[in-house]
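Here is the structure we will look at, set down as structure tokens.
The values are calculated or read from the model by the stated rules, or taken from the named source; none is laboratory data. Every value quoted in this text rests on a predicted model; they were computed, and no experiment measured them. Positions of Cβ are generated from backbone atoms using ideal geometry, with glycine treated the same way; all protein chains shown enter the neighbour counts.
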Amino acid sequence: MNTPRLRTTDPRHRATLRWIVAITAATLVFDGYDLVVYGTVVPVLLRDPSQIGHLTPAQAGALGSYALIGVMIGALVAGAVGDHLGRRRVMLAGIAWFSIGMGLSAFATDMTVFGALRFLTGIGVGALVATAGALIAEFAPPHRRNVYNAIVYSGIPAGGVLAALLALLAPDGDGWRLLFLFGAAPLVLLLPFAVLRLPESPTWLLARGKPVRARQVAERTGVPLPGAAVGEAASGAKAKVGFAALATRRYAPATFLLGLMSCSGLLLTYALTTWLPEIMGQSGFGQSYALLFLLTLNGGAIAGGLIASRSADRLGPRRVIATTFVLAAVSLGLLTAGLPLGFLLALIAVAGVGTIGTQVLIYGFVSTYYDTVARAAGVAWCAGFGRLGGIGGPLVGGALMSSGLSARHAFHVFAGVAVVGVLVTCLVPRRPAVPASAPAASVPGPLGGGASVLAHE
């Protein structure tokens, strides 16, 4: 189905969209920071038992997974309540929760407390990742949604770059605590702006049977009310909301496959961001080189993800995601070929596109695949169920490192996961058509007039 090219001409809509993109992208920068900062401090924690106790590689991998278990739970909870309570409330709660968890982690002195705080921090991260895509899908012009999603979710690898840079500057010993304390900055730097500038989605308000509030928000923000939401609102109580909608015949097969796509992408993402510094260290590169590789991985993900998202808006996200998974498989397979440093950095950048960049594209794909009443649940399922792969990534890496296998074997295992991602992506069915409950509707426009809009997004 062709996407209507509804352009953002109202200056209020453009201003609102800029604020939403800025707030959600900044939020995900700190999510990405949390993702990578643990990987940057793993070498310190492994070598210095005075920090949180004696750690083995397997225990370090388990600690990395605790945060991801929290992310999975947080995403699924956000999906359960996000389509009922709204996007704004979940975002605000997630920012506060995540920031407090990061700040407290900086003061942990033993493995148990540190692991518990990593788990609790992950709950806030999951809520934010699961809600950001729904917000962008409901505020961005339809023909630009993949690009705006890529901008917002590129905050995750950008946060990884920030974590790697700060890790290079952090002092030895207790310097890792300063890195975690910095992760609490959103509580004072970001949350006040979110409270003032982040509106509730008028599309969600209309779909939940609140047309008066939807029109008020639309008048204030200049955001048009799409016909799809009108059709969903017209169906009233008959429409299933949230996870119940995902279980319908319309969405169930695709939901399962989209979850597997995310599972593959997140396994690759978390495995590489957690273990790339250590694997490269064991391959003969010093600590500064290892962090350079981490910077290259995330930098490639940002640049490549933005370029790929433009192709996704033109060609469709499924085809582009399959291609980036192929790039991941090829680049990971070649990383052990003993190439010169320049070629090695180029391959790591491509691997960033195929792993972290692919996950950015998957979030955009999922957020536009579902209708309003199921969108938060769909993204939450993608982020939550996919975290099974994220949980497995550090564990798989830790198991491979503990078993004494070479870096070659680890990268070959990761390349195989990318091949699985290609196959699953190709099986995802086309986006189901919007129910024809309201082929067209007259919606009160932002300025008070009526506007006939097509009943699709």
| task | Check whether at least one residue in the range 311-333 is touching a residue at least 60 places away in the same chain (Cβ under 8 Å), outside any helix (DSSP H, G or I) and surrounded by fewer than 24 Cβ atoms within 10 Å (Cβ to Cβ), and report yes or no. | result | no
| remark: Residue count, the range 73-87, condition of a type outside the set (Val, Ile, Thr), within 17 Å of the chain's Cα centre (by Cα) and surrounded by fewer than 24 Cβ atoms within 10 Å (Cβ to Cβ), comes to 1
| request: Just give me the residues in the range 167-204 being under 19 Å from residue 352 (Cβ atoms) and either crowded, with 18+ Cβ neighbours inside 10 Å or among the acidic types (Asp, Glu) (or both), in sequence order. | output: 167
| query | Just for the range 334-367: of the residues that are part of a helix (DSSP H, G or I) and of a type in the set (Ser, Thr, Tyr), which one is farthest from residue 36 (Cα to Cα)? | reply | 367
| query | What's the number of the condition residue 319 fails, among (1) touching a helix residue (DSSP H, G or I) at 6+ places or on another chain (Cβ under 9 Å); (2) modelled with pLDDT under 75; (3) of a type in the set (Lys, Arg)? | reply | (2)
| query | Take the residues of the range 91-127 that are part of a helix (DSSP H, G or I) and hydroxyl-bearing (Ser, Thr, Tyr): which is nearest to residue 22 (Cα to Cα)? | reply | 99
| Which of (1) at pLDDT below 80; (2) in a helix (DSSP H, G or I) does residue 2 not meet, given it meets every other one? | (2)
| Among 364, 378, 357, 392, which is buried (at least 24 other Cβ atoms within 10 Å of the Cβ), farther than 14 Å from residue 129 by Cβ and in contact (Cβ under 8 Å) with a residue 24 or more places away in the chain? | 357
